[in-house]
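First up is the structure itself, then whatever we jot down about it.
The values are calculated or read from the model by the stated rules, or taken from the named source; none is laboratory data. Note that this is a predicted model, so its numbers are computed, not measured. Glycine gets a Cβ as well: all are built from the backbone with ideal geometry, and neighbour counts include every protein chain shown. The area values use the complete protein model at the heavy-atom level, side chains included, leaving out ligands, DNA and RNA. Shrake-Rupley method; radii C 1.70, N 1.55, O 1.52, S 1.80 Å.
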Amino acid sequence: MSIILSGIQPSGSLTLGNYLGAIKNFVKFQEDLKEGDELFVFIADLHAITVPQDPTKLRDNIKKLAALYLACGLDPSKSTLFIQSEVKEHAELAYILQSITYIGELERMTQYKDKKQKQVEGVSTALLTYPILMAADILLYNSDYVPVGVDQKQHLELARNLAERFNYRYSETFKVPESLIQKTGSKIMSLQNPEKKMSKSDDNEKASIYLTDNEATIRKKIASSVTDSDNSIIFDPVNKPGISNLLSIYASCKGISIEDAVNENQNINYGIFKTRVADEVCRLLIPIQERYNSILNDNEYLNKVLDEGRDKASFFARKMMAKVNRKVGVGRKNN
Ligand code: TYM
């Protein structure tokens, strides 16, 4: 029996990086679930408010992410889809885990250091404690596996450390989770600066392919992506980051290895290669977009899926939280 869990922040329009690094794998794991396994996929709205958000847009993005999960193939009869803030135990467990986390561990997090630079109104405490909330998300469900992109690896390490530390201090309680990071597609880079990861919060719209970009926009963005000028299609992320990124996108969209992607694209110029990459991206995204647009208009269905998901996740979360409170000694006996 395995428990798989992951989440995505509704903090903007999702990118091809989010799809290839995360959602695509959720769907793959869903198809491999066996009797007794569980897949929890949630919308990490509490994570989104670690940086300032417009409340109306946030609500809108939560709904859009729910529709996107479904459009990408997550099936509520097989997986549990829910909104993080609707299961109160996430914040509750995060608080308890704060009591065993050292400030130095949080200050070392690369994502914190990067995001801190970008804050104009001051750095919120939640931006610093964010990885504890992420650990709570994972440990609350006794997760075995957490499919994520490379950028979340350090946060996963903290979750593992906190599980071990809690178990050592209060006796065996949490499973120590493992990250599942795919070989191809787990770090898609910006199309404009291939030294930097593709990100939903990039100010330059040309840097990212959004999952809802139309075909013409996708083609234009890929055609104008930054590459070198030596016209050989080789996978070499250090010396040829732009072409290597396009090869990763091509391979991951087609579900083939980098090696095969290189072999399929020998002796053609960059222009033709970029057209082929765009063909693969469009082949993948256009059907998702068609489903997305119809699901987004079906409020009744979306609410039903999210209500059921919340109720099922809460059932698991309540049980774990009662156990944690008992171990830590807060509250009353049998309460
Ligand atoms: P978030 O919302 O930034 O990203 C969601 C998922 O997409 C992956 N990803 C990428 N993969 C490949 N290439 C890229 N350029 C790229 N950009 C993003 C991320 O690695 C992630 O898997 N803290 C998390 C959300 C979260 C979570 C959790 C994840 C909250 N609680 C518990 C797993 C388990 C985040 O901000 O992801």
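A few notes on this one:
- Amide H contacts of E38 (H built 1.01 Å from N, in plane; Pro and chain starts excluded): S2, I3, I4 sit under 5 Å, all sequence-distant by 5 or more or on other chains.
- Using the Karplus relation 6.51 cos²θ - 1.76 cosθ + 1.60 with θ = phi - 60°, the per-residue 3J(HN,Hα) values for region 73-83 come to x, 5, 10, x, 7, 10, 10, 9, 10, 8, 9 Hz, with x marking Gly and Pro.
- E195/N231 FRET efficiency (R0 25 Å; Cβ-Cβ; nearest 0.05): 0.75
- Taking 0.36 nm per residue of separation and subtracting the Cα-Cα distance, full extension of the segment from N303 to D260 would add 11.2 nm.
- Amide H contacts for M189 (H built 1.01 Å from N in the peptide plane; partners 5 or more residues away or on another chain; cut-off under 5 Å): M198.
- Computed over protein heavy atoms with a 1.4 Å probe, the carbon and sulfur contribution to the accessible area of the chain reaches 48%.
- Segment V120..R283, full-extension length gain: 54.7 nm, with 0.36 nm per residue of separation and the alpha-carbon distance subtracted.
- Taking the helices alone, the chain has a mean residue ellipticity at 222 nm of -16500 deg cm²/dmol, built from -39,500 (n - 2.57) per DSSP H run of at least 4 residues and averaged over all its residues.
- Helix 89-98 vs. the chain, principal-axis angle (Cα, 0 to 90°, nearest 10): 80 degrees
- Per-residue HN-Hα couplings for region 302-308 [Karplus 6.51, -1.76, 1.60; θ = phi - 60°; Hz; x = Gly/Pro]: 4, 5, 5, 4, 6, 5, 5
- Stretchable slack from A223 to E31, in nm (0.36 nm times residue separation minus alpha-carbon distance): 65.7 nm
- Whole-Hz couplings from phi, Karplus 6.51/-1.76/1.60, listed for region 36-44; x for Gly and Pro: x, 6, 9, 10, 9, 10, 10, 9, 7
- C-alpha center-to-center spacing [region 1-58, region 136-192] in angstrom: 13 Å
- The orientation-averaged projection of the convex hull spanning the C-alpha atoms of the chain amounts to 18.0 square nanometres.
- Size-normalised alpha-carbon gyration radius of region 235-334, reference 2.2 N^0.38 Å: 1.89
- Whole-angstrom gap from region 65-88 to region 92-130, using each part's C-alpha centre: 26 Å
- For G7, the residues whose modelled amide H falls within less than 5 Å of its own, excluding neighbours fewer than 5 places apart on the same chain, are F42.
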